[in-house]
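Undergrad: One structure follows; several queries about it will come next.
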Amino acid sequence: MLKLMIKKLQLQITILKLQIEILLLNKKRTIPNLDKPTKIIVHHAAGWLDFEGVNNYHKQKWGFKSSLGFYIGYTYFIDRQGVVHQGRADNEEGAHTLGQNKQSIGICLMGNGEEKDFTSEQYQSLSDLLNKKKSEYGISNSQIFGHNNFSNTLCPSKRLTLWLLKLS
């Protein structure tokens, strides 16, 4: 019980620090204070930048720093070796799908699925991460989408779209 109270207090202190940076220092920050996510949106990077490369690109493009210290707009990023990188808290606004960022977890796979298939390690990590987040937040398979469900885009690629359809 005491550990939970300390964790909540630490989160409140973090939120206050971020709010001060936003209001007084005019810094671009996001705050992990949203309701639990209700959906998951899957993306591909449409290129070959790794986590740091995408983080730097998003820093230049938007400049919104997450509570975890990154600028990447995705909640999670899975590299070609299947390593999962977390860029934002699950309850923090992302920058991955217009109109959906406050209620969703954004997961991006490194690579361009239109050019080359994702690795078996990426698919396994994606499957494991989806199962974990579905269980954690009570998200059903019907609430897992590709980016193309919300925008006229090839993302997350035909390959990944077909893989996601098999979840249904």
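Undergrad: Which of (1) under 20 Å from residue 130 (Cβ atoms); (2) of a type in the set (Gly, Ala, Ser); (3) at pLDDT below 90 is the odd one out, the single condition residue 89 does not satisfy?
TA: Unmet for residue 89, out of (1) under 20 Å from residue 130 (Cβ atoms); (2) of a type in the set (Gly, Ala, Ser); (3) at pLDDT below 90: (3).
Undergrad: Scan region 61-79 and report the pairs whose first residue is at pLDDT 95 or above and whose second residue is among the acidic types (Asp, Glu), with Cβ atoms within less than 6 Å and a gap of 6+ or a chain change.
TA: From region 61-79, the pairs are 79/50.
Undergrad: Further question on the same structure: Name the single residue, out of those in region 4-57 being among the basic types (Lys, Arg) and modelled with pLDDT of 80 or more, that is farthest from residue 134 (Cα to Cα).
TA: Applying the filter and picking the extreme gives 36.
Undergrad: Right, next: Among 99, 113, which is surrounded by 22 or more Cβ atoms within 10 Å (Cβ to Cβ) and in contact (Cβ under 8 Å) with a residue 40 or more places away in the chain?
TA: Every option except 113 fails the conditions.
Undergrad: Now for a separate question. When the residues of region 50-91 are filtered to those that are over 24 Å from residue 122 (Cα atoms) and of a type outside the set (Gly, Ala, Ser), which remaining residue is surrounded by the fewest Cβ atoms within 10 Å (Cβ to Cβ)?
TA: 60
The values are calculated or read from the model by the stated rules, or taken from the named source; none is laboratory data. Predicted model only: the values in this text are computed from it and were never measured. Every residue, glycine as well, gets a Cβ built from its backbone with ideal geometry; the counts of neighbours run over all protein chains shown.
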